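The values are calculated or read from the model by the stated rules, or taken from the named source; none is laboratory data. In this text the structure is predicted, and so the values were computed from the model without any measurement. As a convention, Cβ positions derive from the backbone with ideal geometry for all residues, glycine included, and neighbour counts pool all protein chains shown. Surface areas here come from the heavy atoms of the whole protein model, side chains and all, with no ligands, DNA or RNA. Shrake-Rupley method; radii C 1.70, N 1.55, O 1.52, S 1.80 Å.
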Amino acid sequence: MKIKKKIISMLMATCLVFSSFGMSKSFADSSKVVTIGVNNSPEQRQTILNYFGVKEDEVQIITVNNQEERAYLGNVATEEQLGTKTYSCAYVEPTTEGSGINVKTANITWVTSSMVASTLSTAGLTGANCVIAAVFPVSGTGALTGVMKAFENATGEKLDEDKKELASEELITTGDLGDEIGQDKATGIINDVKADIIKNNTHDTTQIAETINNITNNYNVKLTDAQIDKITALMEKIAAQNYDYNEMKSTLNNVSNVVSDNLKEAGENIDTGGIMDFFSKIGDWFSGLFSGSEDLGILGETNDSMLDKQAIIDATNKAAENLPSKEEAEGFFDKIINWFSNLFNSSDDTGEDNQNTDSNSSGENTLDPEVETDTEHFDSK
């Protein structure tokens with residue numbers, strides 16, 4: 001009996017581990033900041049706050065307008081890309097420096113979560129969780145400005161202006177390239193070239209060109225001379241900033257991995273040096289699960305049901321996509337716990353005389369694994 005109680009306790013503890021999997025830790029040394037595109041109506045503003053899972057008095061809220069977008073993007077983006085209004089919003093949570101940048105996007109069409117994460121590393125961020133969303137599909141060009149502004153307000157520290165402008169140039173360069181060769185390949189090429197140049201402290205233009213050529217070959221891409229020249233000019237500016245690779249490698253490696261996984265799902269195998277092998281990924285997953293180090297932060301707090309079912313959800317951590325509602329998650333874990341509890345209670349009731357062998361036949365508070373689990377669906381499609 002005691003052994004069975006211990007087993008039940010262990011199983012229930014395991015369920016609690018899963019129930020907390022992906023929920024955020026508090027970061028006492030930082031605050032959370034929300035930026036709202038100034039052209040959102042009061043109703044749209046409230047929808048965004050509901051999506052982020054926050055209330056007006058829980059976070060610092062600031063606005064972002066088109067003039068602020070133009071301050072960083074005006075020299076590199078077209079008028080069509082800049083537009084005249086700003087609808088994209090951001091929710092930013094600083095984390096430990098060097099821990100990496102995780103991004104989730106909703107209704108953002110022209111930029112991806114990985115594209116934003118890599119670009120933010122150029123802006124000088126080394127540890128942050130960011131959610132970028134709009135109430136209807138938008139390009140997302142204003143998202144970068146919003147995240148940088150939110151991060152500065154959350155930490156009280158100003159990012160380097162040159163790096164912010166460089167990040168904006170990188171975003172437009174990657175997005176334009178994505179229009180030609182696909183978002184994932186464009187993100188992977190820019191990210192991996194940047195990682196190689198920073199890691200090896202490359203400054204020579206010829207060596208930069210060779211790096212671009214090698215990495216584009218890895219992605220099975222043939223670039224035009226104009227595209228190569230544009231990337232080379234960007235990388236020369238990045239090389240001149242003397243970034244610390246150790247502070248950026250977590251983000252850069254993760255972006256490379258996400259891009260590789262996306263391309264594999266699309267039927268392409270890409271040879272990138274930064275990809276972790278299969279067994280390393282499995283080991284890290286189990287380590288994160290049982291050590292509690294896996295943490296989605298604010299990426300796991302969003303209420304995806306607040307947006308249209310057709311909203312495109314994208315994240316650098318796939319666990320943050322298509323999250324179950326709070327009610328669905330709680331109901332699922334309650335059923336799991338009840339099922340284990342009743343399973344062992346049933347076994348306890350089976351005495352030496354083999355009486356009450358069907359003690360839980362009434363079905364109260366039980367989870368029939370052959371019936372119930374087939375009806376549990378936790379996607380938000």
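Structural remarks
- Pick from the range 158-182, criterion part of a helix (DSSP H, G or I) and under 22 Å from Thr96 (Cβ atoms), ranking: most open to solvent (accessible area, probe 1.4 Å): Lys163
- Ala71 vs. criteria at pLDDT below 95 and either part of a helix (DSSP H, G or I) or out of contact with any Gly (no Cβ under 7 Å at 6 or more places or on another chain) (or both): yes
- All positions within the range 74-88 that are open to solvent by 50 Å² or more (accessible area, probe 1.4 Å) and assigned to a helix (DSSP H, G or I): Glu79, Glu80
- In the set (1) open to solvent by less than 60 Å² (accessible area, probe 1.4 Å); (2) outside any strand (DSSP E or B), the condition left unmet by Arg45 is number (1).
- Within the range 281-310, residues that are modelled with pLDDT of 90 or more reach partners that are in a helix (DSSP H, G or I) and hydrophobic (A, V, I, L, M, F, W, C) with beta carbons closer than 7 Å, at six or more positions or on different chains, in the pairs Leu296/Ala319; Leu296/Ala320; Leu299/Ala320; Gly300/Ala320; Thr302/Phe52.
- Pair list, Cβ < 6 Å and 6+ apart or interchain, from the range 41-57 residues that are within 17 Å of Val138 (Cα to Cα) and free of Cβ contacts under 8 Å to residues at least 60 places away in the same chain to residues that are part of a helix (DSSP H, G or I) and hydroxyl-bearing (Ser, Thr, Tyr): none
- Against the conditions (1) within 18 Å of Ile312 (Cβ to Cβ); (2) open to solvent by 10 Å² or more (accessible area, probe 1.4 Å), Lys185 satisfies every one except (1).
- Pairing residues of the range 203-214 that are among the hydrophobic types (A, V, I, L, M, F, W, C) with residues that are modelled with pLDDT under 95, at Cβ distances under 8 Å and at least 6 apart in sequence or on separate chains, gives no pairs at all.
- Condition met for Thr155 (more than 22 Å from the chain's Cα centre (by Cα) and surrounded by fewer than 21 Cβ atoms within 10 Å (Cβ to Cβ)): no
- The one condition from (1) modelled with pLDDT under 95; (2) open to solvent by 40 Å² or more (accessible area, probe 1.4 Å) that Val59 does not meet is (2).
- Of the candidates Asp196, Asp204, Asp244, Asp225, the single residue that is modelled with pLDDT of 95 or more, charged (D, E, K, R) and surrounded by 14 or more Cβ atoms within 10 Å (Cβ to Cβ) is Asp196.
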